[in-house]
Amino acid sequence: MTAANSPARQLDRYLQTIVGDRRGDELLEIRYATGDRGMRHRFIAIQRLDAAARAIRLLSSHTDVYCGVLLRSRRAGGRDAVTRSHLVFVEIDAVDALDRLGRFARPPAMIVSSGTAGHAHAYWTLRTRVGVVELEQANRTLASHLGGDLASDDAARILRPAGTLSHKYRPPVPVELQHLDAAVRYEIAELVDGLPPAPSPPDTAAAARARAARTELDELLLAIPAATYVRELTGLTPRPNGKVNCPFHHDCTPSLHLYEHGTFYCYGCGVGGSVYDFAGTLWSLETKGRAFLELRARLADYFGLRAGAGS
């Protein structure tokens, strides 16, 4: 591998794309698996991008690392802490992800292979920054058109940065920068022009209120990869392809699909959702009202998390 395409160089170019032309006091969020049961995070000023790159390289040598796609206005990982975005992004968890992106008429500025064969996330650079609502609508429209993950449209999304390692596998596999063209830029209307609007998620207004009401502790719990909380809560070992036998019904062939962004879905019994839905079903606790507060506190205690964790 040449120095120009080394993991360190890939990471530098990735971070430069995430930051864009920002010169303010925004923060880059870095989240990382603690190696036991949870996730922690750090926030580093974008003026110290070299320090951020060093921290990511060090962490990636022994654990999974993720970066917030959008910069943060304060030391928090929630949707209310993100700034206006110069990037639209899609995560495609399919073996032909690169082929789908290659056939799309509006090429992304950056494509990163996520470490699982064929899977990728793509980023389109905007000429004009947009707000959270407009960004999430565009993310969802592109994901719907490209067969991407419709659950990964949120502005607070974290993804694996290029130049790191995915420790889902043994030995760990590289997360690689597949394509970068900094000259490719779009207006957001141009990017989604002619594409059918994505189907709205059920109960959109309620979902929006729920996102807005998330606490920092919620964000930390919801960032735990599904494979981690399923393994810790049930003792089941997920397969390398992200599947496991469902604990909620008699399952001879693994039908529970686990996703890195923290959600799960069983194609056998139809149960799906976040860590709250999984633990709530497992522990027979509802995900609303007082039962939800008990559920959240129990999960936080189990995974050793608290608001303000990290450095």
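For the chain, build the charge dipole from Cβ charges (+1 Lys, Arg; -1 Asp, Glu) around the Cα centre, then report which of F278, A76, V132 sits farthest towards its positive end.
Of the options given, the answer is A76.
If exposed means no more than 15 neighbouring beta carbons inside 10 Å and the site is in a DSSP loop, what's the longest run of the chain without any exposed GluC sites (Glu not before Pro)? Provide the component values of the computation, followed by the final result.
Values: sites that count: E187, E286.
So the longest stretch without any such site is 1-186.
Among F43, V175, Y302, whose Cα sits farthest toward the positive end of the charge dipole of the chain (+1 at Cβ of Lys/Arg, -1 at Cβ of Asp/Glu, about the Cα centre)?
Ranked along the dipole, the leading option is F43.
Summing +1 for each Lys or Arg and -1 for each Asp or Glu, what net charge is found among the other residues whose Cβ lies under 13 Å from the Cβ of T237?
Net charge around T237: +4.
If you place +1 on the Cβ of every Lys and Arg, -1 on the Cβ of every Asp and Glu, and leave all else neutral, what size is the dipole of the chain about its Cα centre, to the nearest 20 Debye? Spell out each step's value before the answer.
Numbers: 38 positive and 34 negative charges, 151 e Å.
About 720 debye.
Over the chain, average the accessible area per residue using a 1.4 Å probe and give it in Å², no decimals. Don't skip to the answer; put the middle values down first.
Numbers: 14160 Å² over 311 residues.
Per residue, the chain has an accessible area of 46 Å².
If you place +1 on the Cβ of every Lys and Arg, -1 on the Cβ of every Asp and Glu, and leave all else neutral, what size is the dipole of segment 1-118 about its Cα centre, to the nearest 20 Debye?
Dipole size: approximately 360 debye.
So what is log10(I(q)/I(0)) for the chain at q = 0.09 1/Å, when the Debye sum runs over its Cα atoms only?
Here the Debye-derived log intensity ratios amount to -0.43.
P(r) for segment 1-91: what percent of alpha-carbon pairs falls in each 10 Å bin, starting at zero?
Calculated P(r), rounded to whole percents: 16, 48, 31, 5, 0.
Summing +1 for each Lys or Arg and -1 for each Asp or Glu, what net charge is found among the other residues whose Cβ lies under 13 Å from the Cβ of A297?
On the way: positive: R290, R296, R298, R306; negative: D218, E294, D301.
Cβ neighbours under 13 Å give a net charge of +1.
Which one of I111, T263, S166 has its Cα pushed farthest toward the positive end of the charge dipole of the chain, where Lys and Arg give +1 and Asp and Glu give -1 at the Cβ?
So the residue furthest toward the plus end is S166.
Using the crude model of +1 on Lys and Arg Cβ and -1 on Asp and Glu Cβ, and no other charge, please compute the dipole size for segment 28-72 relative to its Cα centre, in debye to 20.
Working: 8 positive and 4 negative charges, 21 e Å.
Computed about the Cα centre, the dipole is about 100 debye.
The values are calculated or read from the model by the stated rules, or taken from the named source; none is laboratory data. Keep in mind that what you see is a predicted model, and the values were worked out from it rather than measured. Please note: Cβ atoms are built from the backbone with ideal geometry, for glycine as well, and neighbour counts cover all protein chains shown. Quick note on the areas: whole protein, heavy atoms, side chains included, nothing else; ligands and nucleic acids left out. Shrake-Rupley method; radii C 1.70, N 1.55, O 1.52, S 1.80 Å.
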